[in-house]
Amino acid sequence: MAKAIVIYETTYGYTETMAKAIVKGLKEAGVDVELKRALSAKADDLKDVDAVALGCPTYHHDMITTVKTFLFEMKKADLKGKVGAAFGSYGWSGESIEMISDTMKHIFGMEMIEPGLKMKGTEVLTGEKECKEFGKKIAAKIT
Ligand SMILES: Cc1cc2nc3c(=O)[nH]c(=O)nc-3n(C[C@H](O)[C@H](O)[C@H](O)COP(=O)(O)O)c2cc1C
């Protein structure tokens, strides 16, 4: 059975809502999936997975610190050739998603789902279907 992990951080819950819907999409597509916050995720969590989705909102045109720190933790794992996906909620610029995608692609050598999924807070409230579809897109690459 294909395995995936969805890791995220959030301040007001929007990126968490996206993460949970992406998990639903992956599950519906038959993937064994775990959900974790970046603060508690470790390189070991990435060992046996086929795909990693990493979610982060954008604050002050940047990722939040826990996700930046987690990217250094991720560097300890061998992720070359694994499927990667970035997502997150934003207000107007949403740089975090591209920053994460770039790092996963250029530093870890992952095969990215591009573009990543970025949604404004208001879109997240009605966006479960779109997030589930994104999960299914990830699933299609590993099943
Ligand atoms: C202090 C502050 C700074 C923000 N800076 C940005 C920003 O630079 N670019 C952007 O697109 N959104 C920005 N936002 C909007 C958040 O990214 C948006 O509210 C998002 O939905 C929060 O997601 P979360 O609930 O997962 O933390 C900012 C919000 C706050 C409160």
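Taking the stated definitions as given, is residue 109 crowded, with 20+ Cβ neighbours inside 10 Å and out of contact with any Cys (no Cβ under 9 Å at 6 or more places or on another chain)?
no
Search region 53-64 for residues that are at positive phi and modelled with pLDDT of 95 or more and pair each with any residue that is within 8 Å of the ligand (Cβ to nearest atom) and outside any loop (DSSP other than H, G, I, E, B) when their beta-carbon atoms are under 6 Å apart and the residues are at least 6 apart or on different chains.
Pairs found: 61/95.
Answer yes or no: is there a residue in region 64-71 that is outside any helix (DSSP H, G or I), among the charged types (D, E, K, R), over 25 Å from residue 30 (Cβ atoms) and more than 13 Å from the ligand (Cβ to nearest atom).
no
Taking the residues in region 83-123 that are part of a helix (DSSP H, G or I) and of a type in the set (S, T, N, Q) as candidates, determine which candidate is farthest from the ligand (Cβ to nearest atom).
The qualifying residue farthest from the ligand (Cβ to nearest atom) is 103.
Taking region 112-134 as the region of interest, how many residues are closer than 15 Å to residue 51 by Cβ, surrounded by fewer than 19 Cβ atoms within 10 Å (Cβ to Cβ) and of a type in the set (A, V, I, L, M, F, W, C)?
Residues meeting the conditions: 1.
Would it be correct to say that residue 6 is modelled with pLDDT of 95 or more, outside any loop (DSSP other than H, G, I, E, B) and not hydroxyl-bearing (Ser, Thr, Tyr)?
Criteria met by residue 6.
The values are calculated or read from the model by the stated rules, or taken from the named source; none is laboratory data. In this text the structure is predicted, and so the values were computed from the model without any measurement. Please note: Cβ atoms are built from the backbone with ideal geometry, for glycine as well, and neighbour counts cover all protein chains shown.
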